[in-house]
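These notes concern the structure reproduced below.
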Amino acid sequence: MNWKKFEKELEKAILSGKYITFLVGAGLSVESGIPTFRGKEGYWKIGSENYKGPEIGTFRMFNLNAIEVWKWFLFRKTICRKAEPNRGHLILKEIEDLLGNQFALVSQNVDSLHKKAGNSTKRTYLVHGDLDYARCGDECSDTLYSFPKMEDKTRESTISLDEEKLLECPKCGEYLRPHVLWFDETYNEKYYKFHTVTEIADNSSMLFVIGTSGSTFIPGHFINRVSYFNQPIIDINISESEYSYFLNDYPNGYETRETSTEALEKVLSIIKKIKYEN
Ligand SMILES: [Zn+2]
């Protein structure tokens, strides 16, 4: 990563007045203790069978066994509720304060940590949904309800009959579902602001891709759109990502194999320098 060259590009990006976009994945929340779906903490037992997160987090599984899917999400929600934003989240809040309306945060994380860190909801786009909410599993309306409030759940917890009542849609009585994009579903504007974020990608003067390895759709989509306009792209990830080959050859590509916090700390100090000198 050539930080000197990056600094010049960042200055240009700020002067352009266009979006400076931060696309964030699970890597950012690791330091807050949120396990990824794909890591070893992402396993789930139903009876004697072991499932991986990407198998549980599907509409198919919800249709087969809504209660088991709810148990898994209630357990995940307990982890998220207890988690606190880490330095990386707090830096993104500071960067938003410095960049104002040029700032766009597109996050694949459903853990509510951007909100806890103080990022504004109007500049934060949660493209995989938000575990603060649930909605009707039968789509009788597109109302978002608060996520059902229950006591803390572990992997072994069960759901009582009283608690099951909290999982029913107040309008039609079918099961509610967590307001998250499942692995067998596609992005849309209504719930996940897909068209809005695509427009943001097309109007970005710089794109940061942070803590995402490349197994989801959005990062590749953003890199395609932003590189089409030859704008700078910075990949911050502790290990090689699926974009490394592309970014190695892309004239405006930057890569750093630091943690999100280490790299964002440097980005923040460069933004401060540019802002205070101009
Ligand atoms: Zn309903």
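Each value in this text was obtained by applying a stated rule to the coordinates, not by laboratory testing. Owing to the predicted nature of the structure, the values given are computational and were not obtained by experimental measurement. Using ideal geometry, Cβ is built from the backbone for each residue, glycine included, and neighbour counts are taken over all protein chains shown.
A compact table of results
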quantity	calculated
Over the stretch 149-263 - Rg/Rh using Cα atoms and the Kirkwood inverse-distance radius	1.14
Cα principal axis extents for the stretch 1-65, largest first, Å	57, 24, 18
Burial ordering of M1, M206, M150, fewest other beta-carbon atoms within 10 Å first	M1, M150, M206
Pairwise FRET efficiency - E265 versus E240, Cβ, R0 = 22 Å, nearest 0.05	0.50
Point-to-point label distance, Y276-N248, nm (Cα→Cβ direction, 7 Å offset)	3.9
Rel. contact order, % - alpha carbon contacts under 8 angstrom, at least six apart, the chain	23
Likely footprinting exposure, I270, I56, fewest C-beta neighbours within 10 Å first	I270, I56
The stretch 37-94 - percent relative contact order, Cα under 8 Å, separation 6 or more	19
Where no second cysteine Cβ lies under 4.7 Å, the cysteines concerned in the chain	C80
Extension reserve of the L98-E84 stretch, reckoned as 0.36 nm per residue once the Cα distance is removed	2.8 nm
Relative counts (whole %) of C-alpha pair distances in the stretch 1-150, using bins that are 5 Å wide	2, 8, 15, 18, 17, 14, 10, 7, 5, 3, 1, 0
Normalised convex hull volume, the stretch 133-217, alpha-carbon set, Å³ per residue	154
GNM flexibility winner over the chain from L207, L98, L161 (Cα, springs under 10 Å)	L161
Over 22 Å [Cα-Cα, the stretch 61-218], rounded percent	47
Amide hydrogen neighbours beyond the local backbone of E168, cut-off 5 Å, H modeled	L176
Rounded FRET efficiency, nearest 0.05, which uses the C-beta distance separating E189 from L64 and R0 of 25 Å	0.30
Selection of trypsin sites (Lys or Arg not before Pro), the stretch 140-221, meeting DSSP coil and at most 13 other Cβ within 10 Å	K149, R155, K171
Alpha-carbon centroids, the stretch 243-278 and the stretch 113-189: separation in whole Å	34
For H114, H221, order by how many other beta-carbon atoms lie within 10 Å, fewest first	H221, H114
GNM top mover of E84, E151, E185 - the chain, alpha-carbon springs below 10 Å	E151
Diffusion coefficient, µm² s⁻¹, Stokes-Einstein with Kirkwood Rh over alpha-carbon pairs of the chain at 4 °C and 1.567 mPa s	66
The chain: antiparallel DSSP beta bridges as a percent of all, rounded to 5	35
Full-stretch length increase - T154, D142 - with 0.36 nm per residue and alpha-carbon distance subtracted	1.4 nm
Fluctuation leader among P85, P170, P232 - the chain, Gaussian network, Cα springs under 10 angstrom	P170
DSSP-defined beta bridges in the stretch 57-193 - what % are antiparallel, rounded to 5	70
Largest-first principal axis extents of the Cα set of the stretch 34-115 (Å)	51, 21, 18
The stretch 211-255 - Kirkwood radius from inverse mean 1/r over Cα pairs (Å)	10.5
Amide proton proximity set for V24, modelled H, under 5 Å, gap of 5+	V106, S107, Q108, I210
